[in-house]
């Protein structure tokens, strides 16, 4: 394990916000607070913080709270100019007495807590990783909105007037969408208005499906260009591969397969008591990555002969399907991590 105080002289803790960033400069060996600076959250402000850091002699490391949100711009800018940047989650804040809470204090807590941490993570890469993250967000939004709109349309198909309901009764959701998309309502004003509303929902569903498909095609293109070897794993499609790549980011960011499994919420948690030895579900970690592992497990359970044999063997040992699937997800996390780390050069 790497202790930050053993490798640098100055630790710069940063508390980032939307409009300003506050940095606290702390001696790595003693934890003494030398200085604090607040600057604007733009390139000019980033340069001002760097000039302040250069006034302190010795090697330095920037520790930023929340490199995936407000601190993203500063982290990317600092890395581009060759600075050593690490990421830390929200530091523990003691109970406040007399309302003691300022950006300076938060930045100082970041720096001092970093001195007590082992193996701080590096911020995630930009480039293809950021592009995939943006596409996944857009696709996920389109898929969720499609589901919401489909449920609204199906509800209207049940509750609308009989003149319209009789044309939709007994149809599947896809058939209801296709039928409503082609409607050309005429006649009674109230019926026409209802039909127009349903047609609007149906066309929205069609457009959202097309948008989601377009995002998925672009995701597949990027994954094949960056890490096509991930798609060779059984049960791994473009969206699942992209989800894993976004969380993993680059070689060395996640220290081992156990850390990757914990990051995915797939590391089993001990829940033993008395004569019972068992593990319980881990509800922590990145839930999108956990969902990706679950999809792989389901696909392998259905289509992979080796996985089917594994399920039969573990059932014979008295395991439930849910417990077996948890074991399988831990194995998949290990395999996926090793493939990511040992495969093609990451960007």
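Quick one: which residue in 219, 230 is over 20 Å from residue 297 (Cα atoms) and either in contact with a helix residue (DSSP H, G or I) (Cβ under 8 Å, 6 or more places away or on another chain) or not in a helix (DSSP H, G or I) (or both)?
219
Within region 175-200, count every residue that is under 39 Å from the mean Cα position of the chain (by Cα) and surrounded by 11 or more Cβ atoms within 10 Å (Cβ to Cβ).
Counting residues in region 175-200 that are under 39 Å from the mean Cα position of the chain (by Cα) and surrounded by 11 or more Cβ atoms within 10 Å (Cβ to Cβ) gives 12.
Quick check, is residue 224 outside any helix (DSSP H, G or I) and out of contact with any strand residue (DSSP E or B) (no Cβ under 7 Å at 6 or more places or on another chain)?
No; evaluated as a whole, the condition is false for this residue.
Just one of the numbered conditions (1) surrounded by 15 or more Cβ atoms within 10 Å (Cβ to Cβ); (2) part of a helix (DSSP H, G or I) is not true of residue 308; which one?
The one condition residue 308 does not meet is (1).
(1) under 20 Å from residue 204 (Cα atoms); (2) in a helix (DSSP H, G or I); (3) free of Cβ contacts under 8 Å to residues at least 12 places away in the same chain: which one isn't true of residue 184, the others all being true?
So the condition that residue 184 fails would be (2).
Does residue 324 satisfy the condition of being modelled with pLDDT under 95 and either touching a helix residue (DSSP H, G or I) at 6+ places or on another chain (Cβ under 9 Å) or loosely packed, with under 15 Cβ neighbours inside 10 Å (or both)?
Against the criterion (modelled with pLDDT under 95 and either touching a helix residue (DSSP H, G or I) at 6+ places or on another chain (Cβ under 9 Å) or loosely packed, with under 15 Cβ neighbours inside 10 Å (or both)), residue 324 qualifies.
Within region 280-297, can you find the residues that are more than 12 Å from residue 326 (Cβ to Cβ), in contact with a helix residue (DSSP H, G or I) (Cβ under 8 Å, 6 or more places away or on another chain) and assigned to a helix (DSSP H, G or I)?
Once the filter is applied, which keeps residues that are more than 12 Å from residue 326 (Cβ to Cβ), in contact with a helix residue (DSSP H, G or I) (Cβ under 8 Å, 6 or more places away or on another chain) and assigned to a helix (DSSP H, G or I), region 280-297 yields 288, 289, 291, 292, 295, 296.
Which ones in region 89-123 are assigned to a loop (DSSP other than H, G, I, E, B) and either modelled with pLDDT of 65 or more or not assigned by TED's automatic domain parsing to the domain that holds residue 15 (or both)?
Of everything in region 89-123, those that are assigned to a loop (DSSP other than H, G, I, E, B) and either modelled with pLDDT of 65 or more or not assigned by TED's automatic domain parsing to the domain that holds residue 15 (or both) turn out to be 89, 90, 101, 102, 116, 117, 119, 120, 122, 123.
The values are calculated or read from the model by the stated rules, or taken from the named source; none is laboratory data. From a predicted model like this one, the values you see are computed outputs, not experimental measurements. Here Cβ is always computed from backbone atoms with ideal geometry, including for glycine, and neighbour counts include all displayed protein chains.
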